[in-house]
Each structure stands twice: as C-alpha cells, then as structure tokens.
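The numbers here are math on the coordinates, done by the rules we state, and not lab data. No experiment lies behind these values; they were computed from the predicted model shown. Quick reminder, even Gly has a Cβ in these numbers, built from the backbone with ideal geometry, and neighbours come from all protein chains shown.
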Amino acid sequence: MSDNCIFCKIIKGEIPAKKLYEDDDVFAFWDINPVAPKHFLVVPKKHVSAPSSAGQEDDPLIGTVLRTGSRLAKENGLEHFRFVMNNGEEAGQTVFHIHLHVMGGRTMNWPPG
Ligand code: 5GP
Ligand code: ZN
C-alpha cells in the first residue's frame, strides 16, 4: 500500500468506485472516464508503481491480472477486447499503480494513438 496512491485508496474503500470483482490478489473496477463502451481496470492489490517496476516475484501476480481481465471481459459480454498497460508519462500513464485497461464494445484502431 502507498499512502498517496489513488488506486490503493480505491482498493481500501477510501475512494468510491464501481467494483466489478475482488479477491485476495486483485481488484477490478469500471474506469471513471471510459474510452470505449466497456472499459474497466484490473489492478493488483500490491502497490507496484509501473510494469517496469515489477520484479520476478510479481510474475504470478501479473499473470493473475491478465487472466482476470480475460475472464471479466468474457463475463461482461466481450469476445473481442483490447488490453493496455501504460508505462511512464510519455506512454500515457497517469496513475502510478500498475493497472490493466480492458476495453471493448467498439472496433479498436491500430496502431493506437
Ligand atoms: P493511465 O492513464 O494511468 O494508464 O490510466 C489511469 C486510468 O484511471 C484512466 O483511464 C482514468 O480514467 C482512471 N481513473 C483515474 N482516477 C480514477 C478514479 O478515481 N476512479 C476510477 N474508477 N478510475 C480512475
Ligand atoms: Zn497503489
């Protein structure tokens, strides 16, 4: 946990969010500013600031994040969806707690902007 992290506060229930799923390792909630008809985030409960900060010991956790994202996509009616994990400001990261964006419900463009 990190005191000033907005996603740690969401996990602890200190900031409200529309929760989709929670277990011992991960927390999933709908993005407050969706960029697709369905857009949610899957975050590890452990505070890791960015994908590049994850260590080898986090491999199972990252796997759980990805697998949970796929399962929740399917459970929410998405057969086709986009996963995004931004790393660093220039890549679009604004919250420095690892999160997997899961987006779907429209045709996605490639390459991303
Ligand atoms: P990033 O830009 O770091 O990859 O993604 C951060 C995401 O978190 C953005 O899509 C943004 O809309 C979402 N977000 C930021 N603050 C909140 C919040 O307080 N609640 C929810 N549900 N989403 C948030
Ligand atoms: Zn955090």
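Just a few scattered comments:
- Subset of region 1-16 [among the acidic types (Asp, Glu) and within 13 Å of ligand 1 (Cβ to nearest atom)]: Glu14
- Taking the criterion of being surrounded by fewer than 16 Cβ atoms within 10 Å (Cβ to Cβ) and small (Gly, Ala, Ser), the residues of region 55-69 that qualify are Gly55, Gly63.
- Restricting attention to region 7-24, the residues that are over 13 Å from the mean Cα position of the chain (by Cα), away from ligand 2 (no atom under 13 Å from the Cβ) and acidic (Asp, Glu) add up to 2.
- Some residue of region 34-42 being within 16 Å of ligand 2 (Cβ to nearest atom) and touching a residue at least 24 places away in the same chain (Cβ under 8 Å): yes
- Residue that is nearest to Glu22 (Cα to Cα) [pool: residues in region 89-106 that are within 16 Å of ligand 2 (Cβ to nearest atom) and in a loop (DSSP other than H, G, I, E, B)]: His99
- Near pairs, Cβ below 7 angstrom, 6+ apart or cross-chain, from region 1-19 (more than 16 Å from Lys46 (Cβ to Cβ) and in contact (Cβ under 8 Å) with a residue 12 or more places away in the chain) to any residue that is more than 10 Å from ligand 2 (Cβ to nearest atom) and not in a loop (DSSP other than H, G, I, E, B): Ala17/Phe29; Lys18/Phe29; Lys18/Trp30
- Residues that are part of a loop (DSSP other than H, G, I, E, B) and of a type in the set (S, T, N, Q) within region 63-88 comprise Asn76, Asn86, Asn87, listed in sequence order.
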